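Take a look at the structure below.
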Amino acid sequence: MAKRSLIVLALLGGVLILGVVLAASLGAVVVPFDQVARLLLSRLPGVDLSPTWSEGEEAIILQIRLPRVTAALVVGLALAAAGVIFQGLLRNPMADPYIIGTSGGAALGATVALLLPVQIVWYGFTLVPLAAFVGALAAVLVVYNLARVGPRTPVTTLLLAGFAVSSMLAAVMSFLMMLSGTGLRRIILWTMGGLGGGRWEQLLIVTPLILLGMGWSYLYAGDLNALALGEEQAAYVGVPVERRKVTLLILGSLLTAAAVSVSGLVGFVGLVIPHVARLIFGPDHRLLLPAAALLGGLFLVLSDLLARLLLAPAELPVGVITALVGAPFFIYLLRRSKREYGF
Amino acid sequence: MSEGYILEARGVDFSYYDGLVIKGVSLGLKKGDIVGLIGPNGSGKTTLLRILSGFMPPKSGSICLSGRDLGQMSRRDIARLIAVVPQELEMLFSFSVWEMVMMGRTPHAPRLLGARRGDREVVERVMERVGIQYLAQRPFQELSGGERQKVIVTMALAQEPDILLLDEPTVHLDINHQVEVLELLRRLNRESGLTVLATMHDLNLAALYFDNLVLLNEGEIVSHGTPEEVLQEANIRRVFEASVEIQKHPTLGVPHMVILPPPR
């Protein structure tokens, strides 16, 4: 990777760490920034710092705030990376992580789980995230198989099959919501997305999955560049297009499903952060993929912070903030660049 | 490898749905050949190019590349030997010309590390060769048709291929750019021994720049040889259903066609 790219990523990573510490320090009880930083540092292996914070503060940071901030971080990483993958792969500026059915599948899965009278807990997962994860992957599997024509999966068919299956799943979900009675509010809240449900046990499984998915996708950053030439020309410069398409669809869907299982359906991040990153860092996926992911993480950490603070002690759905703050910023970027934004 | 062909089609048939669009085509390219593929619209020129480049497998028959069965080779291995210049390229995202030419290094670059110094040197060398260094930082999407065509050829050259296949390399260009692109191909052929096969619409240009022509009609090769051998009035009348008079080019002596419109 070019030196410039490494510097950009290091800077972004630094800002992201500051954002995480800031988000952990603010809330109903404010723990000063430097205290949080010291507390976090003391947890690193080989660092020995005497506590200058109370046990209560430690519990708030480590048991309440940090799981939530970490959840926002990994969900933001995953959704932005998945957005980059889907936009590049499907050659479509309106593609987001949910475009080929993950949202519909996840929402239906979660709805069913929310309406079931039983409670199952498995490795810190309640039934809802598990059902959302399975639902998302199942929906993608159905869409992919519907879209396949012989050995190929044409992008147009994929998009249309995704739309059709999503619509159908959404209709089934609406029907279930009609019948749900008292469960309705919980279902609506879940579909709006939120990060209050972050638990360490769950994050311990989801985070490695997301990091693995991102690392694996990065192997294909150069191929995503070549795919910008179109599928035929990508093949001529040596990319096994159909194989790559399947791999990237799986990776993107896995990232999305993992994110959805933590946060429900958080919108906007996966659609717009890739564009913002492309406007700032350019189209080269070797830089774009990690940079957009870091930007997505930062964006969601700060959005969730605002969602907690603005109407405290009440909480806004994080999706409200992401769109309310993110959309004007995106429009500003779009208008500011002197060149036409060449998707 | 028979008779020293580096790319050879043997008895190739192809159909999209029903009905063959390529019928029993056998064609061999030797190293250093520069061949024009001509024929009317729908005669199968582009299809044949896509089969020879391994993008679509033939329905029957086989393609041999440097003695290996093309169907058994990976895209990466093929891309190190064959580069293809398409008729049109719809580029996504505003990649710069330099970044785009670098994409030609995809089959050589290691997956994780991306471009190495050697790759950058190749990119600089081929850009200089074609004379487009001055475009390096411009976004490809903002270029004119002639500039774009040169960039795409440069990207293909960055693959360091033995064989260059081109689909109508001059079709949307003004004549100065047509001549420029064809001169470049001929220079690459003469100086580096690059094997060139290009489909051509303009028969006079084809006669001027290619040592050999292949005339395709309804998926079959009807004539194959030097421009003098292929561009005969009878062939043109039969295949193109057009009346022409074959003259000699005033300076090079190759066939030059003049169209004879129906009487008015």
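The values are calculated or read from the model by the stated rules, or taken from the named source; none is laboratory data. None of the values given here were measured: they were computed from a predicted structure. FYI the Cβ positions are ideal-geometry reconstructions off the backbone, even for glycines, and counts take in every protein chain you see. The protein model used for the area step is the full one, side chains on, heavy atoms only, and it has no ligands, DNA or RNA in it. Shrake-Rupley method; radii C 1.70, N 1.55, O 1.52, S 1.80 Å.
Figures for the structure shown
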{"item": "Mean accessible surface per residue for the protein assembly as shown, computed with a 1.4 Å probe while every protein chain stays in place, in Å²", "result": "45 Å²"}
{"item": "Interface residues in region A:84-107 - accessible area drops by 20 Å² or more relative to the isolated chain, probe 1.4 Å", "result": "A:Arg91"}
{"item": "Alpha-carbon centroids, region A:213-270 and region A:297-343: separation in whole Å", "result": "24 Å"}
{"item": "Percent accessible area from carbon and sulfur atoms, chain A, protein chains only, probe 1.4 Å", "result": "71 percent"}
{"item": "Candidates A:Leu302, A:Leu146, A:Leu77, ranked by Gaussian network fluctuation over chain A, Cα under 10 Å, top entry", "result": "A:Leu146"}
{"item": "Theoretical FRET efficiency, 1/(1+(r/R0)^6), r = Cβ-Cβ of A:Leu179 and A:Leu141, R0 22 Å, to 0.05", "result": "0.25"}
{"item": "Gain on full stretching of the segment that runs from A:Ser54 to A:Leu324 - 0.36 nm per residue minus C-alpha separation", "result": "93.6 nm"}
{"item": "Area buried, chain A against chain B - accessible surface, total, 1.4 angstrom probe, square angstrom", "result": "2800 Å²"}
{"item": "In sequence order, calculated HN-Hα J values of region A:83-97 (Karplus, 6.51, -1.76, 1.60; Hz; x Gly/Pro)", "result": "x, 4, 4, 5, 5, x, 5, 8, 6, 9, x, 8, 5, 9, x"}
{"item": "Distant alpha-carbon pairs in region A:1-159 (separation over 22 angstrom), percent", "result": "62 percent"}
{"item": "Residues along region A:208-233 losing 40 Å² or more of accessible surface when the other protein chains are present rather than the chain by itself (probe 1.4 Å)", "result": "A:Leu219, A:Ala228, A:Leu229, A:Glu232, A:Gln233"}
{"item": "Interface residues in region B:68-109 - accessible area drops by 50 Å² or more relative to the isolated chain, probe 1.4 Å", "result": "B:Arg75, B:Val84, B:Leu92, B:Phe93, B:Phe95, B:Met103, B:Thr106"}
{"item": "Filter on A:Lys245/B:Lys23; B:Lys31/B:Lys150; B:Lys45/B:Lys248; B:Lys45/B:Lys150 - keep pairs with C-alpha separation over 30 Å", "result": "A:Lys245/B:Lys23"}
{"item": "Unit charges at the beta carbon, dipole of the protein assembly as shown: most positive-side option, A:Val206, A:Val118, B:Ile78", "result": "A:Val118"}
{"item": "Assigned charges on the beta-carbon of Lys, Arg, Asp, Glu; the protein assembly as shown dipole about Cα centre (debye)", "result": "1120 debye"}
{"item": "Label point distance in nm, A:Leu311-B:Val179, each placed 7 Å from Cα along Cα→Cβ", "result": "7.3 nm"}
{"item": "Reduced Cα scattering model of the protein assembly as shown, Debye log10 I(q)/I(0), q = 0.06, 0.11 Å⁻¹", "result": "-0.42, -1.03"}
{"item": "Over region A:1-138, relative contact order from alpha-carbon pairs under 8 Å, at least 6 apart, %", "result": "15 percent"}
{"item": "In Hz, Karplus ³J(HN,Hα) per residue of region B:144-155 (6.51, -1.76, 1.60; θ = phi - 60°; x = Gly, Pro)", "result": "7, x, x, 5, 4, 4, 5, 5, 5, 4, 5, 4"}
{"item": "Relative compactness, region B:91-160, computed as alpha-carbon Rg over 2.2 N^0.38 Å", "result": "1.02"}
{"item": "Two-site label geometry, B:Lys59 and A:Ile64: point separation in nm, points 7 Å out along Cα→Cβ", "result": "7.2 nm"}
{"item": "For region B:243-264 and region B:16-87, distance of Cα centres in Å", "result": "31 Å"}
{"item": "Estimated FRET transfer efficiency when R0 is 35 angstrom, pair A:Tyr332-A:Leu6 (beta carbons, to 0.05)", "result": "0.80"}
{"item": "Value at 222 nm in deg cm²/dmol, rounded to 500, when DSSP H runs of n ≥ 4 in chain A each add -39,500 (n - 2.57)", "result": "-24000 deg cm²/dmol"}
{"item": "Whole-percent carbon and sulfur share, accessible surface of chain B, 1.4 Å", "result": "49 percent"}
{"item": "Within region B:91-160: Cβ-based charge dipole about Cα centre, in debye rounded to nearest 20 (Lys, Arg +1; Asp, Glu -1)", "result": "140 debye"}
{"item": "Hydrodynamic radius of chain A per Kirkwood, over alpha carbon pairs, in Å", "result": "20.8 Å"}
{"item": "³J(HN,Hα), Karplus 6.51/-1.76/1.60, whole Hz, each residue of region B:258-264, x for Gly, Pro", "result": "10, 7, 10, x, x, x, 10"}
{"item": "Cβ crowding within 10 Å averaged over residues, with A:5-17, A:200-212, A:225-237 ranked highest first", "result": "A:225-237, A:200-212, A:5-17"}
{"item": "Most fluctuating residue given options A:Ser180, A:Ser25, A:Ser217, as computed from a GNM of chain A linking Cα atoms under 10 Å", "result": "A:Ser180"}
{"item": "Under 5 Å, built H, 5+ apart or other chain: amide partners of B:Ile34", "result": "B:Val196, B:Asp211, B:Asn212"}
{"item": "Estimated [θ] at 222 nm from DSSP helical runs (n ≥ 4, -39500 (n - 2.57)) normalised by residues in chain B, nearest 500", "result": "-9500 deg cm²/dmol"}
{"item": "Fraction of antiparallel bridges per DSSP, chain B only, in percent to nearest 5", "result": "60 percent"}
{"item": "Computed label-point distance, nm, for sites B:Leu260 and A:Leu211 using a 7 Å Cα→Cβ extension", "result": "8.0 nm"}
{"item": "Lys, Arg +1 and Asp, Glu -1 on Cβ, resulting dipole of chain A about Cα centre, debye, nearest 20", "result": "660 debye"}
